[in-house]
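In what follows, a single structure is set out as structure tokens and then discussed.
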Amino acid sequence: MPYYITDPCIGTKDTACVDVCPVDCIHPRKDEDAFPAATILFIDPVECIDCGACVPACPVQAIYAEDDLPESQRVFVQINEVWYKGPAEAERLIGEYVTGAPDQMALDPKDRAAVHGK
Ligand code: SF4
Ligand code: SF4
């Protein structure tokens, strides 16, 4: 049951989760070429060992275990997975999500998780 990064990371992307991940499965890191262009960070579901350490490290509650994902954030399963095959497609899907969720995106990132389940 991997973990996934969701919409509060948009506009935050502070990499706090990278620092606590024991298996380095959250990318792009700040020292990777892809970092500036990435809208969010992405968890590699193949490498994730499901330890949960990243969840409390995230200041905006952007990270969920797959079973806990709110319906509104389900698309981020695909977004996280796809980035590892092709960042452009992941960014296209994020763009689609942002366009389709204007009310959510108008919120401050720290306030988004509170309305994920509503
Ligand atoms: S659950 Fe653990 S292994 Fe998976 S991304 Fe978070 S910190 Fe890394
Ligand atoms: S800690 Fe949260 S907001 Fe920061 S990069 Fe990780 S998922 Fe994004």
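Here the Karplus curve 6.51 cos²θ - 1.76 cosθ + 1.60, taken at θ = phi - 60°, turns the phi angles of the stretch 60-77 into couplings of 10, 6, 8, 10, 10, 5, 3, 5, 9, 5, x, 3, 5, 10, 4, 4, 6, 4 Hz, with x standing for Gly and Pro. For trypsin sites (Lys or Arg not before Pro), the sites in the stretch 53-103 that DSSP calls loop and that have at most 15 other Cβ atoms within 10 Å are Arg74, Lys85.
Basic side chains Lys and Arg get +1 at the Cβ, acidic Asp and Glu get -1 at the Cβ, and with that the dipole of the chain about its Cα centre reaches some 260 debye. The alpha-carbon atoms of the stretch 3-115, seen along their principal axes, cover 35, 28, 23 angstrom, with the largest extent given first. The alpha carbons of the stretch 1-41 give a radius of gyration and a Dmax of 10.0, 29 Å, in that order.
Read-outs: derived from the displayed coordinates by stated rules, not from any lab. Since the structure is predicted, the reported quantities are computational estimates derived from the model, not experimental observations. Note that we place each Cβ from the backbone using ideal geometry, even for glycine, and neighbour counts take in every protein chain shown.
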